[in-house]
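Student: Below: one structure in structure tokens.
The values are calculated or read from the model by the stated rules, or taken from the named source; none is laboratory data. Note that the coordinates shown come from a computational prediction; the quantities given were computed from them, not determined experimentally. Glycine also receives a Cβ, built like all others from the backbone with ideal geometry; neighbour counts cover every protein chain displayed.
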Amino acid sequence: SEIMNHLETTNYLVNFQHGFRRNHSFESQLIITINDLAKTLDDSGQTDLIILDFSKAFDSVPHQRLLNKPDQCGVRRDP
């Protein structure tokens, strides 16, 4: 919770980032997406949708880069 507080108070996380956040769950993202699609349908507009599967993405990222990420966003380890 301390790390999430830090990330939210420093505005490191954008509002479009959902999942594992208070008031920004998977369900809230789904509701926003469906609402946007419904508005476009009501306005007879066009919607282009790209669906990406990141399930194996973690395997392809250099792990040392992931270990350095907390430092980059201001979360420091104790010496």
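Student: Among the residues of the stretch 2-39, write down those that are of a type in the set (F, W, Y) and on the phi > 0 side of the Ramachandran plot.
Tutor: Across the stretch 2-39, the qualifying residue is only F20.
Student: Would you point out which residue out of T40, T33, T47 is among the polar types (S, T, N, Q) and modelled with pLDDT under 90? It would help to see each step written out before you state the result.
Tutor: Values: T40 fails: modelled with pLDDT under 90; T33 fails: modelled with pLDDT under 90.
Result: T47 is the single residue among T40, T33, T47 that is among the polar types (S, T, N, Q) and modelled with pLDDT under 90.
Student: If we scan the stretch 54-69, do we find a residue that is surrounded by 10 or more Cβ atoms within 10 Å (Cβ to Cβ) and in a loop (DSSP other than H, G, I, E, B)?
Tutor: yes
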